[in-house]
Amino acid sequence: MLHVARLARLKLTEDEVETMTGDLSGILEHVDRISNLDLEGVEPTSHVVALENVWRADEPRPSLPPEVALASAPEPQDGAFRVPSPQADA
């Protein structure tokens, strides 16, 4: 369990390690049971019920000109928003 926690970059207390070890064992038992089932002819699914897209249609429409969008940006650069590098926080 500690190896998995390190891979996921998690810092766990002793109590959390104990709890997670039990949880992980339970998950692996379920996976083992599923792998022993005869699933011949069963189609793979990502959802148990059919999903329906309820969003509006994605249709092009006018948007802000770049100069208006960047007008209040603190430091625009080459027609885009400039953001700090992730290394700057390290």
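Below is a table of values for the structure above.
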quantity: Stokes-Einstein diffusion coefficient of the chain, Kirkwood radius over Cα pairs, 37 °C, 0.692 mPa s, in µm²/s; calculated: 163
quantity: Phi to ³J(HN,Hα) by Karplus 6.51 cos²θ - 1.76 cosθ + 1.60 over segment 64-77, Hz, x for Gly, Pro; calculated: 5, x, x, 5, 6, 4, 8, 4, 9, 6, x, 9, x, 9
quantity: Likely footprinting exposure, LEU12, LEU28, fewest C-beta neighbours within 10 Å first; calculated: LEU28, LEU12
quantity: Helix-only CD estimate at 222 nm, as mean residue ellipticity for the chain, using -39500 (n - 2.57) per DSSP H run (n ≥ 4); calculated: -10500 deg cm²/dmol
quantity: Longest segment of the chain lacking GluC sites (Glu not before Pro) that sit in a DSSP loop with at most 11 other Cβ atoms within 10 Å; calculated: 1-39
quantity: Degrees between helix 14-35 axis and first principal axis of the chain (Cα, 0 to 90, nearest 10); calculated: 70
quantity: DSSP-assigned coil residues among trypsin sites (Lys or Arg not before Pro) in segment 3-90, each with at most 15 further Cβ atoms within 10 Å; calculated: ARG9, LYS11, ARG56, ARG82
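Bear in mind that the values in this text are calculations on the coordinates, not laboratory data. Given the structure is predicted, the values throughout are model-derived calculations rather than measurements. Counting neighbours? That spans all protein chains shown, and the Cβs are built from the backbone with ideal geometry, glycine included.
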